[in-house]
1. Let me spell it out: the conditions are (1) under 30 Å from Ala116 (Cα atoms); (2) within 15 Å of the ligand (Cβ to nearest atom); (3) buried (at least 16 other Cβ atoms within 10 Å of the Cβ), and Gly6 meets all of them except one. Which number is the exception?
2. Output yes when any residue across segment 62-81 is surrounded by 13 or more Cβ atoms within 10 Å (Cβ to Cβ), in a loop (DSSP other than H, G, I, E, B) and modelled with pLDDT of 95 or more, and no when none is.
3. Any residue at all in segment 74-84 that's more than 16 Å from the ligand (Cβ to nearest atom) and not assigned by TED's automatic domain parsing to the domain that holds Phe24?
4. Looking at segment 36-58, I want the residues that are on the phi > 0 side of the Ramachandran plot and modelled with pLDDT under 90 and have a partner that is surrounded by 13 or more Cβ atoms within 10 Å (Cβ to Cβ) and charged (D, E, K, R) with Cβ atoms under 8 Å, at least 6 apart or on another chain. Which pairs are those?
5. I need the full set of residues from segment 82-105 which are of a type in the set (D, E, K, R) and outside any strand (DSSP E or B), in order please.
6. I need the full set of residues from segment 1-47 which are part of a strand (DSSP E or B), farther than 18 Å from Ala70 by Cβ and of a type in the set (Ser, Thr, Tyr), in order please.
7. Can you pull out the residues in segment 132-150 that are outside any helix (DSSP H, G or I) and closer than 24 Å to Ala106 by Cα?
8. Pick from segment 22-73 the residues that are within 13 Å of the ligand (Cβ to nearest atom) and among the hydroxyl-bearing types (Ser, Thr, Tyr): which of them is nearest to Asn7 (Cα to Cα)?
Amino acid sequence: MFIPAGNGHDVIKDSDLPTNEAGFIKIDDFGNVKFDDDTYAKNIYAIGDISALEGADWRAKQGHIAEVMARNLAYNIQEKDKGGNSFKGYSEHINILCVMDTGDGASFIYRDAKKAYMIPMPIIGHWLKKGWGAYFRLSKLGRIPRIPGM
Ligand SMILES: Cc1cc2nc3c(=O)[nH]c(=O)nc-3n(C[C@H](O)[C@H](O)[C@H](O)COP(=O)(O)OP(=O)(O)OC[C@H]3O[C@@H](n4cnc5c(N)ncnc54)[C@H](O)[C@@H]3O)c2cc1C
């Protein structure tokens with residue numbers, strides 16, 4: 001299934017926030033909302049799917065990018081409040097990393113600026129993906145500890 005990012009949220013369309021043609025909020029690498037005249041409002045930020053990601057033609061909005069953007073933005077706001085300018089951007093994290101469940105197996109898919117590959121994972125891939133779903137949900141809800149770095 002291919003879902004084109006061709007239509008932004010009504011809330012954004014009805015606002016005066018700057019959007020790209022598809023209706024997603026224009027930001028810079030650090031999550032600051034970027035107006036058409038290249039100015040920035042003081043404290044307006046956008047992250048995740050609602051934002052217009054920049055980058056290679058094959059870029060895709062993914063959960064892990066939304067998480068990186070969220071983590072970066074929390075850091076960037078703190079950095080700004082401290083008067084610093086060592087901000088963290090999302091663009092270096094743009095890649096496609098996906099385990100596509102096919103019901104009786106899965107495919108591991110990866111793409112970044114340098115490489116692209118697909119590894120078929122018959123049978124076990126399906127159960128790995130299901131296991132990941134359970135781990136992700138329970139660890140996000142704080143019911144089990146998170147594996148460091150994941
Ligand atoms: C079918 C599908 C499969 C995907 N598979 C993968 C995958 O395998 N791996 C991966 O990394 N990414 C995957 N993604 C992408 C991933 O789900 C998104 O990139 C990620 O969820 C974006 O997070 P977000 O917080 O920006 O937005 P969302 O997760 O969409 O969160 C936005 C939230 O805002 C709420 N909301 C909407 N309107 C309002 C309103 N007016 N008031 C209050 N709340 C509102 C919504 O209910 C929602 O909870 C998939 C996406 C789809 C659609």
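1. It fails just one condition, (3).
2. Checked against the condition, which is being surrounded by 13 or more Cβ atoms within 10 Å (Cβ to Cβ), in a loop (DSSP other than H, G, I, E, B) and modelled with pLDDT of 95 or more, segment 62-81 yields no hits at all.
3. For segment 74-84, residues more than 16 Å from the ligand (Cβ to nearest atom) and not assigned by TED's automatic domain parsing to the domain that holds Phe24: absent.
4. none
5. Start the filter on segment 82-105 by keeping residues that are of a type in the set (D, E, K, R), which leaves 82, 88, 92, 101, 104.
Lys82, Lys88, Glu92, Asp104 - these are the residues of segment 82-105 that are of a type in the set (D, E, K, R) and outside any strand (DSSP E or B).
6. Once the filter is applied, which keeps residues that are part of a strand (DSSP E or B), farther than 18 Å from Ala70 by Cβ and of a type in the set (Ser, Thr, Tyr), segment 1-47 yields Thr19, Tyr40.
7. Arg146, Ile147, Gly149, Met150 - these are the residues of segment 132-150 that are outside any helix (DSSP H, G or I) and closer than 24 Å to Ala106 by Cα.
8. My answer is Ser51.
The values are calculated or read from the model by the stated rules, or taken from the named source; none is laboratory data. These numbers were taken from a predicted model, which means no experiment stands behind them. Glycine gets a Cβ as well: all are built from the backbone with ideal geometry, and neighbour counts include every protein chain shown.
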